[in-house]
Structure formats: structure tokens, C-alpha cells
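Enquirer: I'd like to ask you about the structure that follows.
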Amino acid sequence: MGVGEGGVERAGSGGAGRRGRGWGGAWRGAGGSGAGRVRAVVGDGPTGWRDHALAATGFMPADEGDALHDAAVAAGRALPGLAMLEVGSYCGRSTVWLAAAARATGTVLVAVDHHRGSEENQAGWEHHDTSVVDARIGRMDTLPRFRATLYDAGLEDAVVAIVGQSPVVAALWRSPLSFLFIDGGHGVEPARQDYLGWTPHVAPGGILAIHDVFPDPADGGRPPYEEIYRPALASGRFVEVGALGSLRILRRTRVSD
Ligand code: SAH
Ligand code: MG
């Protein structure tokens, strides 16, 4: 799931990133250059938020972040006025791409995370980062880094952060979403709960994006594939409209689809 050495891409490793944006390379989107492709919003424009995404601690590869952003912009335009929501923000890396898309389309991104890290982020696991441990309690706390990332990117106003357990927040949630990104706990039960708790809130015509989807077990853990991606397609409520790396973009069907 990681990026770069040790699975974590750090400040400076992304540089200015002026190479091809978004939808090139391995991207396969339904309908070639059609279906949801939006390039009008230039993320690395005057505000420079994209450089902050690239500099942020986290697990979102640049090309997948760009694809995520473009899919969110398309969803925000298709369903104006509806919020976007991310499950699993960590230090705010993917959050920057999504918050920029929310701002560009006049809405906000709700960012849900308990900020204590997933299993694979804990001490002794592959994706542990000692710099996000609260020394006072000896547990992870990514909230300060998350806040710093959004402040630096100038995107605080576009984000509503909810610090809590995803299933608990989902049980309280009542608003339809134009865009849902699931990148939270990758165990079987957390993934299953995120599927059940959040996907019903995607509005018809809205987008469900899922990270760390690995159809081949040799590439990574199975739960996002088995517990979110496959059930979503099998439900008939979603159709796949794009894929890049481990990112999958699904659209919620309309009655007429
Ligand atoms: N999207 C991030 C990476 C997310 S890592 C990026 O681009 O870098 C997964 C995150 O999910 C962690 O921050 C962890 O705290 C959070 N998480 C895992 N299980 C959760 C749960 N049940 N409720 C809320 N957050 C959870
Ligand atoms: Mg991920």
C-alpha cells in the first residue's frame, strides 16, 4: 500500500511533480477519454496545493492522487451541493487532493479518522512511522500532522474533520454524498463495516473510490478487494468507471442505468 522506501513518501520526495497529470499511463477509464474525465482544474496552479499533497506524509501515489482528484471534481460537478467524504485520512495526504476538488466544486470534504492508525501502522508493523507517535501515551496520533498538512496546503476551510471510529460515525450519518473515498482499516471487519456503513450514502450518479484494491493476493491484502470492491459491483448498485494502481473508481447507478 505504500509509496517509496519504507512505504511512506516524505517531504521533498515528490518534488514539483510537473510530469504528466492524472489520467495517463496505466489509467483505464470507461469510455477512454470520456466518462468523468475532467482536466479543467489545474491542481498545481497558483495556490500550489498539489505540491503540499506531494510533500505530505502518507500512502497515496501521485498519479493515483491526481486520478482521485479528477474523479472527485467530476462528481462534484455532476452532483453540486452534496458533500464528499473520506474514510482514512492519516496525515492528510489524500485529503489534500480531495479537499482541492471539494473547494473547486463549491462543497466540502468530510475526513473521518480516529487518528490512532490502522493495524499495519502500529509499532512493529511494516508501515509504522515513529514520528507520528504521541510520546506521552505511546500511541499513534496523526491528527497534529493532518492539521498541519491542511493548514500548509491552504485547505482548512474545505475540510470538516471527524475524529472517531468509522462505523460509529457512519451510523450517525444522514447526508447523501457525491463522492466517497474508502481508505480506512484494511482488515476484514473494518473493510466490511466501511462497505456496509458508508456505501449506501453515495447518491445515484455519485462516485465510490476504493484504495488498496489488489485482485492478486501477491500484490497486497485482500479485504478492500473482497469486502468492498467485489460486493459493491455484485450489488448492482455500482459500475466500475476507472482504475489506476490499487485505486478503483465506481459510479453509483441511477435507476435508468
Ligand atoms: N488516505 C491516507 C492513508 C490512510 S491510512 C493517505 O493518503 O495517506 C488508514 C487510516 O485509516 C489510518 O489513519 C487509520 O487511523 C484510519 N482508520 C483505520 N481504521 C479506522 C476506523 N475503524 N475508524 C476510523 N479510522 C480508521
Ligand atoms: Mg491506501
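Every number here is computed from the coordinates shown, using simple stated rules; none is lab data. As the structure is a computational prediction, the values presented were derived from the model and not from experiment.
Enquirer: What length, rounded to one decimal in nm, is gained on full extension from ARG136 through to GLU156, with 0.36 nm per residue of separation minus their alpha-carbon distance?
Expert: Length gained between ARG136 and GLU156: 4.5 nm.
Enquirer: Using a ≥ b ≥ c from the Cα gyration tensor of region 21-252 (square roots of the eigenvalues), is it rounded, prolate or oblate, where a/c under 1.5 gives rounded and otherwise the larger of a/b and b/c decides, a/b for prolate?
Expert: The shape class here is rounded.
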